[in-house]
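Input: a single structure, listed below in C-alpha cells.
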Amino acid sequence: MRSWSGLGSARAWRTTRNAALAALALLPAACSDFGPEDGRVAEPGELGDLAASETAEAAQQLTLPFPIDPRKSLIVTDVDIVSGFSLQAVLQQLINQSGVTGLTPLTLFRQFMDTYRTDATGIFPAVPHCDDVPVNTADIYPPDSTAPGEQPTGSINGWPVLCPRAVGDEAVSDPFEDPNADSAYMATTLSNRFDLAPPDGSNCGEYRIVFARRGGHPQDNGFQRNFIIFEARLPNPNPSLGREACRPVAEFWRDQSDPAKSVTTRRNELVSFYFIGLPGFGFEPVFHIDHYGHAAGPDRGQIRTNEFLLGPTPVLDAWSLREFRLIHGTSGSPSLKIDPSFVKDNPAARLFSPAASSDWRVESFQDTLFPLMVERLAAADDVNRFAYKFPMTANYNGGESLMIPLQNNYLNALGTGTSTLRTNIEDRLAALGSDLSGTPGNLSADQIVGRAQTLACSGCHEPQDRDGAASSNFDVGLSAPFPNTLGFTHTSEEKEPVDSSNPSGPQRFIISPALINVFLPFRQQVMTEYLLNNPILGFETPGAWTSPQIQLPLHTGRVREGISSLEIKNSVWVTEIISPSFSTAGLTPVGNKIKLELFMPALPDPAFDGYLEVLIEIPSAGISQQSVGGGELDTLTRGAFNTVAFDQLPANILSALNAGPSDVKLKFKLTVSPNSGPYYMDNVRFEN
C-alpha cells in the first residue's frame, strides 16, 4: 500500500536535465535574497487566472540548446566586451532621460562625489554633504574607541558615517579628460542577477555594471581604489503573467553562452541590452533613471560605492560601502541628482549591543524585530539563500557599511555574555527545534547573528570574526564556512587570460573565489531550472497551489529546486494541498512514480508522525481523484528534506498521462497533528 524510498534512478529526460545543472551552492541579497517574498500569499484575484503558459502548457522540454557558461551568461569581465561601456556614456544616458538641459556627465559625477565632503568644504551648495546631520555620539560603535578613524562626525538615516572621506577629492577631478589617467574609471564587470527576480515576478531581477578607478590597481596602488556599481532592478512589463513574463530576459542571457557567437556579437548585444533594452518584449534599457531607487523600496535598484581612497594624510582608512538613490523630477520640472541613502538590510551594530539603552530603536530591534527574523535566517542550508523574513525596516539601516571599524561587526556588538537579544534568539531557536549545539542543523545564537552579518555589504565583501580579523573560517552553521573574497571586493582591476592556455591572448578581469565556487553555480542553477522546469510542480508560482483549510505561501529558504518551495504551516488534522490543472505534454514519456521532496519539522510529535497520500484526477480521461499511494512519515528524517516516492502508477493512469492531457491535477493529503510544522514541499515529479 505504500512505498518510501531514497533517490531513485530517473528517466533519461531527468538525467539530461540534471546534467545541465550546477551543483547546489549559495547566494542573498546584500549578497542576494528572496526574503521579501517569504511567507507572502497571493491576495484573492491578485494574479487572476494563471496564464496559459503556467497551467495547461506549463511543462517545459528538458533540454538546453547549449550549456550555460557562467563567465558569459552570469558575469562578464572580458576586456574586449566591457570596454564597450563607459561611465560618461551611462551618465549621459541618464541625463538625457531626465530632460535636464545644461547638465553634463562631469558635473553629475562631481556632485555625486561631493556628497563625501563636509558642508564647509563642499563644492556644490545644493548637494547633501556628509555632515549636514551631525552624528549622535551615543550611536557610535564601538563606543569606547579613541582611534581617529572611528570617530564619525556625520550621519545618514540617523546612524554614523565617517566624514569627510578622501573620495570627496574626486569632486574636483575630471575622470573623462584622459581615459588612461589614474582618475578615470573603467568598466570591469557586467552582472546578471536574474536570481533576484522574486517568485511573484514583480520584477525581473537586477542587472549591474561595475566601474573601477584606474589608479587603484591592488598590486600597484591599493590605497587609491574606488568602485561605482549601478544596480538596476528591471521592471516586469507584464506583471499579470508573473515570473513567466521574465523569460525573454533569461533567454537573452542564456544565449550569451551560444558558442557560435563571436566576442563582437556578444559585446554589441550586451551594449544594446543595457542601453536600449529588449523593446520587442517591452523591456526598458537597464540604464534608466527609474531603475536606481527613484521610487523608494527594497526592490527598486540603487547605486553603490565600495571605496578605499586615501588622501595625502590618510586617517579614515577603512573600506566603506555606501548606497545612493538616483532621484529625478518630472517633464515639467526636470532635475537629476544622486542622493546618499541608507544601506538596505544593514542594521547598525549598536542594535545588537547588550549595553543599556533608552533608544526605542535598540529596544524594539532586540525585543521584536530581530527575533522575528530568526526563523528565516535559520531556514536555509545554503549561504545563497540567507535572507531576512522581510526587508529590514528603514529606521534600523545604517548610513554606511563598514567592518573595520567594527560598525557592522554584529558578533562583536553582541558579545559573548548573556543579553536580551541573545536570550530572545535562543528562545526562538529552541521553539524551532535547535539544540543550540552549534553543529550544522542545530544553530547557535552566534551563528544566526553571523548569518545576519554576511547579509551586510561589508560582511559579504569581507567576513570578519568577532575581533575584527579577516576570517577564512567564518562560521554560519553550515558544513563549509562563508566563502573567501578578494579582500573587500568580489571583482578586481587585475586581469587574467580568458584562456589560461594562451597567456598573451584576450584578457578578463578576475573575480573572487566566492563568486567562482559558490555564488555563480547557484545563479546558474536558478536560471537553468527556470528555463527548463515546470513552475507548477516546482512550486514557483505564488497562489497556484491551494488548500481549503489553510493558506499556502511560498518559501525561499528551505528549497530543493528553483527559488521557492511550498510552506505548510498551521496545519489541521487533514490538510489538502491541491495543484492547478497542468499538462504533461512536455514530460512524456512520463515516469511511473510520483516523487517529491518533503521537509520534516525538527520538533517531533511524540504521539503521531503523520501520513501523506496523493490523489490524481484527469477529467478528460475519466479519472476522478484516484488515490495513487500513501504512507506514514515515521521513517523520515526530522529537520531535513526527504525524497518521498509513492507506489507505481496504475497502467491506466500512466497511459492517460502519456497522452499529454492538459487537465491533470494532484492532491496531497497531509495528516498530522494540528499546528505542527512547518513542513515544506518541493520538486514534485514523475520518475521511474
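The values are calculated or read from the model by the stated rules, or taken from the named source; none is laboratory data. The model shown is predicted, which means the values in this text are computed figures rather than measured ones. No Cβ is skipped: glycine too gets one built from the backbone with ideal geometry, and neighbour counts run over all protein chains shown. Quick note on the areas: whole protein, heavy atoms, side chains included, nothing else; ligands and nucleic acids left out. Shrake-Rupley method; radii C 1.70, N 1.55, O 1.52, S 1.80 Å.
Values for this structure:
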read-out: Spin-label model distance (nm) - S272 vs S83, 7 Å beyond Cα toward Cβ; value: 2.2
read-out: Cα-based shape type of the range 59-109, given that a ≥ b ≥ c are square roots of the gyration tensor eigenvalues and the cut on a/c is 1.5; value: oblate
read-out: Förster radius 25 Å - calculated FRET efficiency between D467 and E363 (Cβ-Cβ, nearest 0.05); value: 0.40
read-out: Per-pair calculated FRET efficiency, R0 = 35 Å: F223 and A138 via Cβ, rounded to 0.05; value: 0.65
read-out: Shape category assigned to the range 188-263 from the gyration tensor of Cα positions, a/c cut at 1.5; value: oblate
read-out: Accessible area of the range 485-634 belonging to carbon and sulfur atoms, whole % at 1.4 Å probe; value: 51
read-out: Largest-first ellipsoid semi-axes for the range 351-451, taking √(5λ) over the Cα gyration tensor eigenvalues, angstrom; value: 21, 16, 14
read-out: Separation of alpha-carbon centers, the range 461-536 and the range 565-616, rounded to whole Å; value: 35
read-out: The range 241-323 - percent of accessible surface contributed by carbon and sulfur, probe 1.4 Å; value: 56
read-out: Residue-normalised accessible area of the range 600-688, given per residue in Å² at a 1.4 Å probe; value: 38
read-out: Approximate spin-label separation S331-Q648, in nm, with each point projected 7 Å along Cα-to-Cβ; value: 6.8
read-out: The range 177-283: GluC sites (Glu not before Pro) falling in loop per DSSP and having at most 10 other Cβ within 10 Å; value: E177
read-out: Within the accessible area of the range 345-439 (1.4 Å probe), percent carbon and sulfur; value: 53
read-out: Å² of accessible area per residue within the range 331-418, as computed with a 1.4 Å probe and no ligands counted; value: 33
read-out: Reach of K669 by Cα under 16 Å, taken over lysines that are not fewer than 8 positions away in the same chain; value: K569, K595
read-out: Mean shadow area of the chain, taken as a quarter of the surface of its Cα convex hull (nm²); value: 31.0
read-out: Long-range HN-HN contacts of I276 with modeled amide H, under 5 Å; value: V286
read-out: Computed [θ] at 222 nm, deg cm²/dmol, the chain (DSSP H ≥ 4; -39,500 (n - 2.57); rounded to nearest 500); value: -5500 deg cm²/dmol
read-out: Per residue accessible area in Å² of the range 179-235, where ligands, DNA and RNA are left out and the probe is 1.4 Å; value: 26
read-out: Residue-span extension gain [T107 to A355] - 0.36 nm each, minus C-alpha spacing; value: 84.8 nm
read-out: P(r) tail fraction, the range 598-688 - alpha-carbon pairs more than 20 Å apart, %; value: 41
read-out: Distance between modelled label sites at A147 and T420, nm, 7 Å Cα→Cβ extension; value: 2.9
read-out: Gyration tensor verdict on the range 432-549 (Cα atoms; rounded if a/c is under 1.5, prolate if a/b is larger than b/c, oblate otherwise); value: oblate
